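Accompanying notes for the structure given below.
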Amino acid sequence: MNVSPSKENILKKIRKALSHSTPLPFPQSEGNQPVFQPLEQEIEVEFAEQFTKLQGRFIYCINHQELSFQLSSLIKKQGWQKIYCVDEKLKSEITAISEVIEDNDLAGCDASVTGCKYLIARTGSIILTADQPGGRSASVYAPVHICIAYSNQLVYDIKDALQDLQKTYKDNLPSLITMATGPSRTADIEKTLVVGIHGPKEVYVFLVEK
């Protein structure tokens with residue numbers, strides 16, 4: 001088969017180019033760098049900023065005594081009469097409000113108190129699972145959700161929480177792993193933001209130092 005000189009010249013150039021590695025023209029676009037910026041401040045501050053941007057209410061407590069005081073003050077200020085909580089550990093720790101905690105009336109409560117698995121600082125989100133006391137409904141059925149979390153439950157990104165859940169549960173993951181990011185909201189109706197449509201209209205996070 002005869003090859004024209006011009007074609008042979010092109011093939012030589014291709015062979016020469018293939019024999020030498022060529023640096024990527026835009027190395028930053030090849031997925032070698034993290035998508036999000038690294039954490040640049042204390043993780044508690046990052047979570048508080050992101051959570052409050054989403055209309056969440058954040059309260060920091062240095063110990064359980066301050067937690068009891070702050071939570072009791074909030075309940076009195078809001079005039080809540082029935083607080084739903086089935087987490088025995090939380091009820092024993094929040095001794096100052098034990099007299100107003102009910103454990104059997106989620107449908108008629110003013111607010112529900114739950115724990116969580118993790119707090120995601122980058123997105124201001126709460127990670128909850130079905131195997132927690134209260135199951136799937138305690139954090140979404142009440143008009144107000146109060147989450148009690150500890151500083152050692154803070155992680156920066158969602159992947160950190162998911163990787164830790166995988167290590168903890170291995171092949172026996174809970175039937176539900178959900179991420180709550182602020183009060184429920186929708187803008188489906190005429191693009192007007194409405195809060196509290198399909199879940200709590202208010203979400204509080206009490207972060208206790210540990």
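Filtered by the rule that a residue be loosely packed, with under 15 Cβ neighbours inside 10 Å and polar (S, T, N, Q), the range 56-93 gives ASN63, GLN65, SER73, GLN78, GLN81, SER92.
Remark: pairs (first residue in the range 143-163, over 27 Å from CYS85 (Cβ atoms); second residue loosely packed, with under 15 Cβ neighbours inside 10 Å and modelled with pLDDT under 95; Cβ separation under 6 Å; 6+ apart in sequence or on different chains) = TYR156/LEU39. When restricted to residues that are under 14 Å from the mean Cα position of the chain (by Cα) and either surrounded by 16 or more Cβ atoms within 10 Å (Cβ to Cβ) or part of a helix (DSSP H, G or I) (or both), the range 165-187 contains 7. Report whether or not LEU11 is within 23 Å of the chain's Cα centre (by Cα), at pLDDT below 90 and surrounded by 10 or more Cβ atoms within 10 Å (Cβ to Cβ). Judged against the criteria, LEU11 is not a match.
So that you can scan it fast, the table gives a plain yes or no per residue for (1) part of a helix (DSSP H, G or I); (2) among the charged types (D, E, K, R); (3) at pLDDT 90 or above:
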site: PHE47; (1), (2), (3): yes, no, yes
site: GLN50; (1), (2), (3): yes, no, yes
site: LEU67; (1), (2), (3): yes, no, yes
site: SER72; (1), (2), (3): yes, no, no
site: GLU99; (1), (2), (3): yes, yes, no
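The values are calculated or read from the model by the stated rules, or taken from the named source; none is laboratory data. All figures in this text were calculated on a predicted structure; none of them were measured in a lab. Positions of Cβ are generated from backbone atoms using ideal geometry, with glycine treated the same way; all protein chains shown enter the neighbour counts.
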